[in-house]
Amino acid sequence: MPYIGKSSDGFGIRERFTYLASAGDTTLSGSDSSNRTLTFNDPEYVDVFLNGVRLKNGTDFNLSTVNTVAGLTALAANDELEVIVHDIFSFADTVSSANGGTFSNNLIVKGNLSVTKDAAVLNFGADSDVSLTHVADTGLLLNSTRKIQFGDSATFIHQSADSVLTIDGEATIDLNASTAVLVSNDLKLNSDAAILGFGADNDVTLTHVADTGILLNGTSVIQFNDASQNIGAPSNAILDINATDEIEINATLCDVNANLDVSGTIVGASTLSATTITASTAFVPNASDGAALGTTALEFSDLFLADAAVISLGDDQDVTLTHVADTGLLLNTTMVVQFRDSAINIGSPADGDLDINADDEIELNSTLIDINGNVEISGTAVTTGVHTFTAVPVFPNNTVELADIQADAVDGTKIADNAINSEHYTDGSIDTAHIAADQIVASLIADNAIDSEHYTDGSIDTAHIAADQIVASLIADDAINSEHYTDGSIDTAHIAADQITNAKIADDQIDSEHYVDGSIDTAHIAADQIVASLIADDAINSEHYTDGSIDTAHIADGQITIGKLATAVLTGATDIGAAIVDADLLLVDDGAGGTLRKTAASRLKTYIGGGITGADTWRVNASFQGDVCPISSNWERQDTDSPGYIGTAMAVSSGIWTFPTTGIWEITFNHNISGAGDNHYVESRIEATANNGTAWSNASKAWQAVPGNGLYGMSQCKMLFDVTNVSNDKIRICTDSQDTDAHTQAATDQNLTYVIFVRLGDT
C-alpha cells in the first residue's frame, strides 16, 4: 500500500504535474504548465504519461536525478508529459508495542500490517458502529447488515436479511472467473426489459420484452448441436431456420399464412394445398417422366404463358413450340405437325418453304382458293366440274404459235434484254426519234462522211484542232495582237537591237541581277536610302561607329553579360544593406560563357533543399459519439485569418484525403476525446493506401485512456508519407473506442480534433 490518508500540503493523496515539451526535449523538471515545481520523495511511487500513454520506469525514462524526469526519447513540440507523484507520510504519533495506545492522527504503514490475535476485531467510526471480526480458519465477519461500499454508497455488498447476500451496483456488476460463475439455484432478473449479455464485448444479448417474451439482438442466432443448425433473423421481418440436412415439423396441421418460397424440392406423399404456388426457377417432377400435371379426374383449367414462352417436348427437348408475340406459334426448325401417322404432316423443310404431305390426297375445301404464286404440278391435274382460273393459262413447252398471240399483245415487258437484233429491223425503220441522245459515237460514222455543211457556225473550238495544224498560210495579215502571245513567249532573239527604251521599262522592274558588279557608286545612291535591311550581318565593325554614338536605346535588353563588365563595376557596388527577402532579384552567371541572368531569392530555397512548400490544417467542426472509419463529414479548413497555409489546399471527399502534389508529407492527427460513463480506451488511427483505396494499412495509431464522468483526454498520432502518385497515394482518419460512450470533441472556432499536413520536401 503506497499511502494512507492525505498530504499535509493540501494537494490530496497524489500530485499531478503537466509539462508541454519543446522539440528535442529529453529531460523535464522544475515548474510545470501550472507553475508548480516537480518534487518527489520515492521514485517507486512516481508514474509518467506521454500523451496519455504510461511510460516504463528504467526503460522509457529514469528518476535517478532528484526531482527530474530524464532519459526520455527526444520529444516533439507540444508533446504532453504528465507526472503523478504519490505522497509518503511519516507517523503522526508513536506507541509502544507492549502498552499499546491510540493514534491521534493518520497511521501510515510502509510494510506489512499483521493482527495476530484470533477473533481480533477491527472497529471503524467514533462509536465503532462498523466492525470487522476475524473468524478463525474461516475469514472476516462484517457486523450485522453493514455494507462494504465501492466508489460511493450506491455500489456495495451486504447481508440484507438472514441468509440473503445482496450485491448492488449502481450501473454494472462484473462477475469474472477463469472457468465459470456457478449459480446453484434460480437466477432471476426482476427488472422489466432486463438484458442478459454474452461475450467479452456483449456482442450477443437476450432482452426481456414485458408480457411478450425474450428478444435476441440483431442478427445473432440460436444454435443447436453446431453452427450450421440455427434459428435467427438475418434482417428486419425475416426469420431463418437453418439445418445442414433436415428440418422436421411435427403437427396435425402446419398453417402457413404467407407465400411459401421453396428453393429446393418438396417431397412427400400428402397433399399440398394452396391458392397460388410460385416457383422462382421451375416446377419439376421427382424424376424424368415421373409425374403428370393433373390427372384424368382432376384436370387443370387454363394455362397462361408469358410472351415468347417456349413449350419443350422430349427428353432432349428436340421439339419446341415458341410463342411469337401478336403473331402466333413457331415450331422449331424442320419439325412437323403430324396427323394420324408420320406420313401425313405439315412442316418447313427449308427457309421459305412450306410442305403439306399426305399418303393419298390433300383436300382443300373452300368457295375460293387464292394462289399468289407459280403452281408447279409434277403429276396430273384432274378437275371435276366447272373451274375458273384467274391466272394466265399454262401451255406445254413450244405450243404457243404466232396465230395464238393477239395483235399488239407483245409489249416491252414481254421482250427479254438483248433479244432484238439487226434482222428484226426493216430498212429505214430507225429514225431520229428512236435514237437516244449522245448515242452516235465516232465508230458509227464513216470516213469522210462529215463535210462543211455538217458544222454550225462557231462550233469548232481549240479542242477540235490537232496540234501544229495552224500554219502561216492560214493566218491573215495583222491578225496576231498582244492577246495572242503567251506570257514569256517573246525572248531576246525576237527583239531588235536598241529597241528597249525607257518607255518600255515598267516601274520596279530592274533588280540586282540587272547590274554588273561594281556599277553602282555613291553618286547613284540617294540620301538616307541605306536602311537596316540593306546592311549584311556582321558588316558593321568598331571603325564604323563615331565616339559616343552608342547610347542605352541602342543596346538590347539582357545583352550586357558579366564578361562585358569591368572588375570595378562589381567590386565597387553598394551592398544591399539588409537581409535578403524572397522578392529580391539576384544576378547569376550561367557558367556557359559569361551570360548574366537574374533570379528571385525565393528560388534559392528550392535549389538548396526545397524547404516546406505545402502546409494545411483541417478540423472537425461537429462533435460525434462512437466509432467512425473514416471520419467522412464535418471537415473544414482552419479559419482563413489564422496562420499556417502554404501552397494548394488538401482535398477531402467522403473521408478520403488527396494530396495536391507529390513529395514527403508529415501528417499529424490530434484527437480530443471525452467520456461520460466508465473509464475506457480510445484509438486514434491514420490509414494509408497506395492503390486508390483498393487496400488500406494502419500507418499510425495511438491509444488514450479516457476517464469517465465527462473528463477529457487528447491523443496524437503522426506519420511520414512518401507521395509519389497523387491519384493512388491517399490517407483516411479513423477512431475506435473500447465502448461506444466515447465522444470526439469538435468546434468551429478552435482546433480540438484536427489534422495537420506539412510537405517536407521532394519525394
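Only the coordinates and a few stated rules stand behind these numbers; no lab work does. Just so it is clear, the structure is predicted and the values come from calculations on it, not from any experiment. Backbone-built Cβ (ideal geometry, glycine too); neighbour counts: all protein chains shown.
Take every Cα pair under 8 Å whose residues are at least 6 apart in sequence, average their separation, divide by the length of the range 134-249, and the relative contact order is 9 percent. Across the range 250-258, computed HN-Hα scalar couplings (Karplus, 6.51 cos²θ - 1.76 cosθ + 1.60, θ = phi - 60°) run 9, 6, 6, 8, 10, 9, 9, 9, 7 Hz from first to last residue, x flagging Gly and Pro.
Among the listed values (1) 57.2, 174; (2) 28.0, 94; (3) 25.0, 78, the one computed from these coordinates for Rg and Dmax of the Cα atoms in Å is (1). The Rg/Rh ratio of the range 310-357, with both radii computed over alpha carbons and Rh defined as the Kirkwood radius, is 0.98.
Distance between the 7 Å Cα→Cβ label points at Thr552 and Val115: 10.5 nm.
Extension gain, Thr320 to Leu760, is 151.0 nm, computed as 0.36 nm per intervening residue step minus the present C-alpha separation. The average projected area of the range 148-205, computed from the convex hull of its Cα atoms over all directions, is 5.6 nm².
Distances between placed amide hydrogens fall under 5 Å for Ala76 paired with Gly24, all partners being 5 or more residues away or on another chain. Subtracting the Cα-Cα distance of Asp438 and Leu132 from their residue separation scaled by 0.36 nm leaves 96.2 nm.
Fully extending the segment from Ala463 to Thr26 would add 146.5 nm, taking 0.36 nm per residue of separation and subtracting the current Cα-Cα distance. Using every pair of distinct Cα positions in the range 189-248, the Kirkwood expression returns a hydrodynamic radius of 12.9 angstrom. With a simple spin-label model that places each label point 7 Å from the Cα along the Cα-to-Cβ direction, the separation between Ala479 and Leu331 comes to 9.1 nm.
Projecting label points 7 angstrom from Cα along Cα→Cβ for Leu303 and Ile108 puts them 10.1 nm apart. Could you please rank Glu376, Glu666, placing first whichever residue has the fewest other Cβ atoms within 10 Å of its Cβ? In increasing order of surrounding Cβ atoms, one gets Glu376, Glu666.
Between the range 510-538 and the range 19-42, the alpha-carbon centres lie 93 Å apart. Taking the square roots of 5 times each eigenvalue of the Cα gyration tensor of the range 111-218, largest first, gives ellipsoid semi-axes of 37, 17, 14 Å.
Using θ = phi - 60° in the Karplus curve 6.51 cos²θ - 1.76 cosθ + 1.60, the 3J(HN,Hα) couplings for the range 302-317 round to 9, 10, 10, 10, 6, 3, 6, 5, 10, 9, 9, 10, x, 4, 9, 6 Hz; x is entered for Gly and Pro. As a rough guide to protection, the peptides 433-445, 717-729 ranked by mean Cβ packing within 10 Å, highest first, stand as 717-729, 433-445. For the peptides 303-310, 469-476, residues were scored by their other Cβ atoms within 10 Å and the scores averaged per peptide; the highest-first order is 303-310, 469-476. The fewest-to-most ranking of Cys734, Cys629, Cys254 by surrounding Cβ atoms within 10 Å reads Cys254, Cys629, Cys734. Altogether, the Stokes-Einstein calculation at 20 °C and 1.002 mPa s, with the Kirkwood radius of the range 122-174 over Cα pairs as Rh, returns a diffusion coefficient of 174 µm²/s.
Packing, as the average of other Cβ atoms within 10 Å across residues, places the peptides 542-551, 65-74 in the order 65-74, 542-551, highest first.
Under 5 Å from the amide H of Phe40 lie the amide H atoms of Asn67, each residue being 5 or more positions distant or on a separate chain, with H modelled from the backbone and absent for Pro and chain starts. Here the contact order of the chain, divided by its residue count and restricted to Cα pairs under 8 Å and six or more residues apart, works out to 7 percent.
With the gyration tensor restricted to C-alpha atoms of the range 608-761, the semi-axes of the equivalent ellipsoid amount to 27, 17, 13 Å, longest first.
What FRET efficiency, computed as 1/(1 + (r/R0)^6) with R0 = 41 Å and r the Cβ-Cβ distance, is obtained for Asn728 and Thr748, rounded to the nearest 0.05? After rounding, the FRET efficiency stands at 0.80. Estimated from helices alone, the mean residue ellipticity of the chain at 222 nm is -500 deg cm²/dmol (sum of -39500 (n - 2.57) over DSSP H runs with n ≥ 4, per residue).
Among Arg685, Arg603, the order by Cβ neighbours within 10 angstrom, fewest to most, reads Arg603, Arg685. Any idea how far the Cα center of the range 169-217 sits from the one of the range 438-466, in Å? With the range 169-217 and the range 438-466 each reduced to a Cα centre, they are spaced 122 Å. About the centre of its Cα atoms, the chain shows a dipole size close to 7460 debye [charges on the beta carbon of Lys, Arg (+1) and Asp, Glu (-1) only; nearest 20 debye].
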